[in-house]
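Have a look at the structure below, then the notes.
Computed from the coordinates by the stated procedures, all read-outs in this text should not be read as laboratory data. Note that the coordinates shown come from a computational prediction; the quantities given were computed from them, not determined experimentally. Every residue, glycine among them, receives a Cβ derived from its backbone with ideal geometry; neighbour counts consider all protein chains shown.
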Amino acid sequence: MNRVQKMSLTIVITFSLGIFLGIILILMRFFDVGIPKIVFLFPVFIAGSGGIISITCFKKDKGTIIFDERDKLIEKNANLAGFGAVYLYVILMSFLPIGILGEEGSIPVTWCPVLLIGAGFCQAFAQSIAILIQYGRRDKNGEKKFK
Amino acid sequence: MVKRNLSNQIRRLRFENGQMTQQQLADKAGVTRQTIIAIESGKYAPSLPLAFKIARTFGVPIEAVFQYENEDL
């Protein structure tokens with residue numbers, strides 16, 4: 001696994017955990033369990049920690065050549081996947097409030113920056129998944145890990 | 001749909017050239033070992049300059065390393 005793969009895997013794991021916790025918290029709120037609003041920052045913190053860990057903890061790969069044409073192609077495709085995901089996210093976030101709240105509904109303007117952060121998470125998540133898929137499941141010796 | 005197949009003889013050529021390791025070939029071709037693994041297993045089709053570099057590393061023409069099979073041509 002190279003550095004980019006390790007970073008992507010960390011992001012995918014922490015983001016997935018964040019999404020899972022977020023869904024649980026939303027369900028708890030839906031069923032009136034009675035949780036303070038501040039708890040909703042916890043999944044965001046977990047997801048955000050993935051990004052920080054991936055940047056700070058993984059050192060540069062050893063060897064003279066650490067980036068080549070294949071890595072460049074994978075990076076390009078991953079960027080495209082991230083862009084596509086953000087595009088879908090924007091479409092979804094544009095129409096979802098209408099579907100949930102109705103035509104007469106309204107949302108606080110403080111949600112706008114939150115949507116922007118969500119777009120960032122969405123981009124990083126899609127990009128990381130695309131990177132992992134393109135590199136494939138292979139270990140150090142070039143053999144498949146799972147059969 | 002046109003069926004395309006790009007096969008290669010990198011593995012055989014490595015062993016014929018003093019059991020060259022994937023890392024040694026990667027260093028000579030100027031790519032990472034992961035890329036050599038991907039090319040060898042047919043998961044990645046290299047660019048033309050890289051294909052030439054690999055062929056020159058073995059001292060053989062490019063056709064001796066990569067074979068393109070197309071049913072229509």
Inspect all residues belonging to region A:116-124 and state whether any of them is under 30 Å from residue B:30 (Cα atoms) and either more than 14 Å from chain B (Cβ to nearest Cβ) or more than 17 Å from the chain's Cα centre (by Cα) (or both).
yes
Log entry, pairs with first residue in region A:121-136 being closer than 14 Å to residue A:51 by Cβ, second being part of a loop (DSSP other than H, G, I, E, B) and hydrophobic (A, V, I, L, M, F, W, C), beta carbons closer than 8 Å, six or more apart or on different chains, reads none
Region B:27-58, residues that are more than 7 Å from chain A (Cβ to nearest Cβ), not β-branched (Val, Ile, Thr) and not in a loop (DSSP other than H, G, I, E, B)
B:28, B:29, B:33, B:40, B:48, B:49, B:51, B:52, B:53, B:55, B:56, B:58
Evaluation of residue A:91 against (1) in a helix (DSSP H, G or I); (2) touching a residue at least 12 places away in the same chain (Cβ under 8 Å) (one fails), failing number:
(2)
Kindly indicate whether any position in region A:45-54 is over 30 Å from residue B:29 (Cα atoms) and hydroxyl-bearing (Ser, Thr, Tyr).
yes
Under 6 Å between Cβ atoms, at least 6 apart or on separate chains: pull out the pairs that start in region A:1-12 with a residue that is more than 14 Å from every other protein chain (Cβ to nearest Cβ) and end on any residue that is aromatic (Phe, Trp, Tyr).
A:7/A:58
How about region A:56-71: which of its residues are exposed (fewer than 11 other Cβ atoms within 10 Å of the Cβ) and either within 14 Å of chain B (Cβ to nearest Cβ) or aliphatic (A, V, I, L, M) (or both)?
A:60, A:62, A:64
Selection over region B:4-26 where residues are at negative phi, small (Gly, Ala, Ser) and either away from every other protein chain (no Cβ under 14 Å) or surrounded by fewer than 14 Cβ atoms within 10 Å (Cβ to Cβ) (or both) yields a count of 1
